[in-house]
Amino acid sequence: MSDTVRCKSMIIDFDGVLLDYSRQRANFDTLNKLHNLAKAAHLKEKINGMFNGERINSTENRSVLHIALRAPRDSVINSDGKNVVPDVWQVLDKIRDFSERVRSGAWVGATGKVLKDVIAIGIGGSFLGPLFVHTALQKDPEAIEFARGRQLRFLANVDPIDVARNIAGLNPETTLVVVVSKTFTTAETMLNARTLREWISAALGPQAVAKHMVAVSTNLTLVEKFGIDPNNAFAFWDWVGGRYSVCSAVGVLPLSLQYGFSVVEKFLKGASSIDQHFYSAPFEKNLPVLLGLLSIWNVSFLGYPARAILPYSQALEKFAPHIQQVSMESNGKGVSIDGVPLPYETGEIDFGEPGTNGQHSFYQLIHQGRVIPCDFIGVVKSQQPVYLKGEMVSNHDELMSNFFAQPDALAYGKTAEQLLKENVPQPLIPHKTFSGNRPSLSLLLPTLNAYNIGQLLAIYEHRIAVEGFLWGINSFDQWGVELGKSLATQVRKQLHASRKKGEPIEGFNFSTTTMLTRYLEESAD
Ligand code: F6P
């Protein structure tokens, strides 16, 4: 078979998104085997189970329906026999109304000023997705028009430096704080929320909180207890996993405040287009399925545990951190969905940086060190094209020259014979040789508008689900984050007892006791 025939079959075009996976270490035979594996793992049935609202997150007894968050208004998606789409749209309509009132100045702060700045407090899934979308939209020409004069910031870390950075230059009179927490119990988020409540109260009086703080949560009881009017709370549901929540009020509210609801609606439509494709396209042409199968091939069969996410777009600089959480929190598991220890490792080590910055950082290792399958993500039309007179190509063409070159450098490498022909001195030849045969895939988007950003998000979300379905794990719980949290509670109690009552450090191992002693001694007032 000619290489062209092979390559042609490995290029998929759907709704403007072009996937080329011909540089994977896979041939027709490999793909056949992977499709057989999908059959044996009941992949189709598992995807249907997700779309049908089955409780596939079995350890939390929940369905997994982030697809309902972006479903058209007239669709029917059931959870426990109830169509959840009307509830979704009720919240979306409420967000549209509220964000328009804030943006138009119909809703003002306690001193009558327009709320032009928003701080969204949240961490993990209540932060990374909205940050990714915000960063991606910031220089989109349409979004810029809607964002004029407004600022959106994100407060995630409990480190007081993050608070200081967030409030720097902001006036509480013109600031709206959105507290985003699925549980409304996350220690970092709640402390940050109390800190900003104090910031507002100290400047404007406690009654100002009602005008300056709103919430996004599934726990409306705790929202009210905190002092936020439940009318100013935007709900979502336990069938939305935190890291899959960017299309709920978690992302839609802050992004609508910044860009207007109409822009965010396009983002939802882009995600929905991929949902439909994922649900109905044959596996041979199904973008998330193919990507998921290839991930399994790389991790479980070829033994490459990491993946580099390399967008050739500065606007996508927060894409890799978001996908890192979605992927690693979803698929880093040690037991099967039935609780049986797995005889193989699951999950990928995801990391990434926009090109070309990454080329000047870690690509050396990818080219000549370890084999790390790469996802190259490119955009045809730049959000902010620059054409300098006298330059050979536009700035975007310059960027994209690298996007096209890197996959071939990885795939073909450079041999000693080629180097000899170039008169490279013998002692340098081993150092300048590139082994090649290093896998990558390329995704080319037509542009980077709200719609395409939604598509990109959904492609990766579903790819990660496919991987989890094939590994036979539960990709939708995250028990692995609990132990550290509970140990931090013990430390917090000890710090309080030692500082306030002078109690000795007790109950910790030698190493932790030593560190805690030093910390307490040297940070005492
Ligand atoms: O990191 C663990 C985690 O539970 C994530 O899954 C979640 O997105 C994040 O913490 C924040 O949780 P919450 O939205 O409940 O504050």
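The values are calculated or read from the model by the stated rules, or taken from the named source; none is laboratory data. As the structure is a prediction and not an experimental result, all values here were calculated from the model. With ideal geometry, Cβ positions are generated from the backbone for all residues, glycine too; neighbour counts draw on all protein chains shown.
Here are a few things to note about the model shown:
- Which numbered condition ALA120 misses (of (1) of a type in the set (Gly, Ala, Ser); (2) within 30 Å of LEU448 (Cβ to Cβ); (3) part of a loop (DSSP other than H, G, I, E, B)): (3)
- In the range 428-443, the residues that are farther than 19 Å from SER295 by Cβ, in contact with a Leu (Cβ under 6 Å, 6 or more places away or on another chain) and not charged (D, E, K, R): ILE429
- The condition (being within 25 Å of the chain's Cα centre (by Cα), surrounded by fewer than 22 Cβ atoms within 10 Å (Cβ to Cβ) and of a type in the set (S, T, N, Q)) is satisfied by just one residue among THR195, THR189, THR185: THR185.
- Check on LEU365, over 25 Å from VAL481 (Cα atoms) and surrounded by 14 or more Cβ atoms within 10 Å (Cβ to Cβ): no
- Residue within the range 180-189 that is touching a Phe, Trp or Tyr at 6+ places or on another chain (Cβ under 6 Å) and hydrophobic (A, V, I, L, M, F, W, C) present: no
- In the range 131-151, the condition of being assigned to a loop (DSSP other than H, G, I, E, B), among the hydroxyl-bearing types (Ser, Thr, Tyr) and over 19 Å from ALA203 (Cα atoms) is met by no residue.
- Selection over the range 125-162 of residues that are more than 16 Å from the ligand (Cβ to nearest atom) and small (Gly, Ala, Ser) gives a count of 4.
- Entry remark, the range 281-295: residues being more than 16 Å from ASN48 (Cα to Cα) and either at pLDDT below 95 or not in a helix (DSSP H, G or I) (or both) number 0 in total.
- Test: ILE337 is over 15 Å from GLU461 (Cα atoms) and either within 16 Å of the ligand (Cβ to nearest atom) or buried (at least 18 other Cβ atoms within 10 Å of the Cβ) (or both): yes
- Qualifying residue in the range 96-112 (condition: within 16 Å of the ligand (Cβ to nearest atom) and within 28 Å of GLN383 (Cβ to Cβ)): no
- When we screen ILE77, ILE119 for residues that are among the aliphatic types (A, V, I, L, M) and within 16 Å of the ligand (Cβ to nearest atom), the only hit is ILE119.
Each row is one residue, and each column tells you yes or no for (1) out of contact with any Ser or Thr (no Cβ under 8 Å at 6 or more places or on another chain); (2) modelled with pLDDT of 95 or more; (3) charged (D, E, K, R); (4) under 23 Å from PRO254 (Cβ atoms).
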{"site": "ALA26", "(1), (2), (3), (4)": "yes, yes, no, no"}
{"site": "THR30", "(1), (2), (3), (4)": "yes, yes, no, no"}
{"site": "PHE51", "(1), (2), (3), (4)": "yes, yes, no, no"}
{"site": "SER63", "(1), (2), (3), (4)": "no, yes, no, no"}
{"site": "ARG73", "(1), (2), (3), (4)": "yes, yes, yes, yes"}
{"site": "ILE77", "(1), (2), (3), (4)": "yes, yes, no, no"}
{"site": "ASP80", "(1), (2), (3), (4)": "no, no, yes, no"}
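Yes or no, residue by residue, for (1) touching a Lys or Arg at 6+ places or on another chain (Cβ under 9 Å); (2) under 19 Å from SER440 (Cβ atoms); (3) in contact (Cβ under 8 Å) with a residue 60 or more places away in the chain; (4) not hydrophobic (A, V, I, L, M, F, W, C):
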{"position": "VAL5", "(1), (2), (3), (4)": "no, no, no, no"}
{"position": "ILE12", "(1), (2), (3), (4)": "yes, yes, yes, no"}
{"position": "GLY16", "(1), (2), (3), (4)": "no, no, yes, yes"}
{"position": "LEU19", "(1), (2), (3), (4)": "no, yes, yes, no"}
{"position": "SER22", "(1), (2), (3), (4)": "yes, yes, no, yes"}
{"position": "ASP29", "(1), (2), (3), (4)": "no, no, no, yes"}
{"position": "ALA38", "(1), (2), (3), (4)": "yes, no, yes, no"}
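- Each residue in the range 296-316 was checked for being polar (S, T, N, Q) and either in contact with a strand residue (DSSP E or B) (Cβ under 7 Å, 6 or more places away or on another chain) or not in a helix (DSSP H, G or I) (or both), and 1 of them qualify.
Residue-wise test of (1) assigned to a loop (DSSP other than H, G, I, E, B); (2) without any contact (Cβ under 8 Å) to a residue 60 or more places away in the chain.
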site: PRO321; (1), (2): no, no
site: VAL326; (1), (2): no, no
site: TYR344; (1), (2): yes, no
site: PRO354; (1), (2): yes, yes
site: ILE366; (1), (2): no, no
site: TYR387; (1), (2): yes, yes
site: MET392; (1), (2): yes, yes
site: LEU399; (1), (2): no, no
site: ASN402; (1), (2): no, no
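- Those helices (runs of 4 or more DSSP H) lying entirely in the range 1-109 with at least 1 residues within 25 Å of the chain's Cα centre (by Cα): 43-51, 85-104
- Scan of the range 190-199 for residues that are in contact with a strand residue (DSSP E or B) (Cβ under 7 Å, 6 or more places away or on another chain) and aliphatic (A, V, I, L, M), ordered by number: ALA193, LEU196
- Cβ-Cβ contacts under 7 Å between residues 6 or more apart (or on different chains), taken from a first residue in the range 483-494 that is more than 14 Å from THR185 (Cα to Cα) to a second residue that is of a type outside the set (Phe, Trp, Tyr) and not in a helix (DSSP H, G or I), are listed as GLN494/ILE505.
Yes/no matrix, rows are residues, columns are (1) surrounded by fewer than 13 Cβ atoms within 10 Å (Cβ to Cβ); (2) polar (S, T, N, Q); (3) under 17 Å from PHE132 (Cβ atoms); (4) at pLDDT 95 or above:
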{"position": "LEU302", "(1), (2), (3), (4)": "no, no, no, yes"}
{"position": "LEU316", "(1), (2), (3), (4)": "no, no, yes, yes"}
{"position": "ALA320", "(1), (2), (3), (4)": "no, no, yes, yes"}
{"position": "THR346", "(1), (2), (3), (4)": "no, yes, no, yes"}
{"position": "PHE403", "(1), (2), (3), (4)": "no, no, no, yes"}
{"position": "TYR412", "(1), (2), (3), (4)": "no, no, no, yes"}
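- Matching residues, the range 495-511, being surrounded by 10 or more Cβ atoms within 10 Å (Cβ to Cβ) and in contact (Cβ under 8 Å) with a residue 12 or more places away in the chain: LEU495, SER498, ARG499, ILE505, PHE508
- Test set (1) touching a residue at least 24 places away in the same chain (Cβ under 8 Å); (2) within 16 Å of the ligand (Cβ to nearest atom); (3) more than 21 Å from the chain's Cα centre (by Cα) - ASN474 fails condition number: (3)
- Contacts under 6 angstrom Cβ, first residue in the range 47-75 being over 18 Å from GLY472 (Cα atoms), partner assigned to a loop (DSSP other than H, G, I, E, B) and of a type in the set (Val, Ile, Thr), 6 or more apart: HIS66/VAL240; ALA68/ILE77; ALA68/VAL84; ALA71/ILE77
- Helices (runs of 4 or more DSSP H) within the range 163-280 that include 2 or more residues in contact with a helix residue (DSSP H, G or I) (Cβ under 9 Å, 6 or more places away or on another chain) and within 16 Å of the ligand (Cβ to nearest atom): 187-204, 220-226, 249-259
- Residues within the range 152-162 that are free of Cβ contacts under 8 Å to residues at least 12 places away in the same chain and part of a loop (DSSP other than H, G, I, E, B), tallied: 1
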